[in-house]
Amino acid sequence: MKRSTYVKAGVLVALVAAAVVLQVTVGLPSRDELQSLLDGLGPWAVPVFIALYVAACLLPVGPSGLLTIVGGALLGFPVALGAVLVGALLGSTVAFLISRSLGRAAVRGISNERVRALDDRVSEHGFAAVFLARLVPLVPFTTANYAFGLTSIPVAPYTLGTALGILPGTAIYVAVGAFGADPTSPPFLLAIGGLVLLTVIGLLRSRRRDPARPDAV
């Protein structure tokens, strides 16, 4: 591989490591801190929340699920659902492009046939691979953003698969936050039922997957 490829891969690793260190040392705002911030912003509350969500998507182990629930509690179901979907799609795409531009060349230079076969398979079924991974995430959302960037999946199938795949889970997590103050309400009970269903499907899918098979996507 060319020297520039190693340099780019090194920059990607450094950026990821710096993001992890920043997250551990600085920490994340609590719900009360976030509420205090949004309350003082008036009409700018939703754009700021979206910007925070985009930033969270750039953290390799970002708390997207927790932030989704908090968004539901602070903004209400319809507003939070739209804000989270926009923030998640923008953030995941930015992380994907960062990983693609800095790390893809290094992966392409790997001579391991197994790696190449898996990459070809994932690329061939790009939309389905992303959609299923987002629908029933076996890898954390923010980690998957960078992982998909290392593959040969085109941007369009990745973006579409993400947009459609995160919709059910996002609605469920937002509903948990929005209706959590009344745990006996039908919307909250439906959200919990949906969360249990996605968890069960994820467990069944993980048992059926054989990581040794190149076509396991």
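Structural remarks
- Test for SER123: is it among the hydroxyl-bearing types (Ser, Thr, Tyr) and within 25 Å of VAL61 (Cβ to Cβ): no
- Filtered residues of region 115-132 (kept if touching a helix residue (DSSP H, G or I) at 6+ places or on another chain (Cβ under 6 Å), free of Cβ contacts under 8 Å to residues at least 40 places away in the same chain and either open to solvent by 40 Å² or more (accessible area, probe 1.4 Å) or under 23 Å from LEU197 (Cβ atoms) (or both)): PHE127, VAL130, PHE131
- Cβ-Cβ distances below 6 Å connect the following pairs, each with a first residue in region 61-79 that is on the phi < 0 side of the Ramachandran plot and open to solvent by 40 Å² or more (accessible area, probe 1.4 Å), a second residue that is among the β-branched types (Val, Ile, Thr) and assigned to a helix (DSSP H, G or I), and a separation of six or more residues or different chains: ILE69/VAL176; PHE77/VAL174.
- Filter pass, ILE153 being closer than 15 Å to VAL84 by Cα and of a type outside the set (Gly, Ala, Ser): no
- Among (1) hydrophobic (A, V, I, L, M, F, W, C); (2) in contact with a Phe, Trp or Tyr (Cβ under 9 Å, 6 or more places away or on another chain); (3) modelled with pLDDT of 85 or more - the single one ILE172 does not satisfy: (2)
- Within region 144-159, the set of residues being open to solvent by less than 40 Å² (accessible area, probe 1.4 Å), among the aliphatic types (A, V, I, L, M) and within 20 Å of LEU59 (Cβ to Cβ) comprises ALA144 only.
- The lone exception for ARG121 - which of (1) modelled with pLDDT under 80; (2) of a type outside the set (Ser, Thr, Tyr); (3) in contact with a Ser or Thr (Cβ under 8 Å, 6 or more places away or on another chain) it fails: (3)
- Taken over region 52-83, residues that are closer than 17 Å to GLY149 by Cβ, in a loop (DSSP other than H, G, I, E, B) and among the small types (Gly, Ala, Ser) amount to 1.
- Of all residues making up region 160-192, the number that are open to solvent by less than 40 Å² (accessible area, probe 1.4 Å) and over 16 Å from PHE77 (Cα atoms): 4
The values are calculated or read from the model by the stated rules, or taken from the named source; none is laboratory data. This structure is a prediction, so every number in the text was calculated from the model and none was measured. So basically every Cβ, Gly included, is an ideal-geometry build from the backbone, and we count neighbours across all protein chains shown. The accessibility values were calculated without ligands, DNA or RNA, using every heavy atom of the protein model including side chains. Shrake-Rupley method; radii C 1.70, N 1.55, O 1.52, S 1.80 Å.
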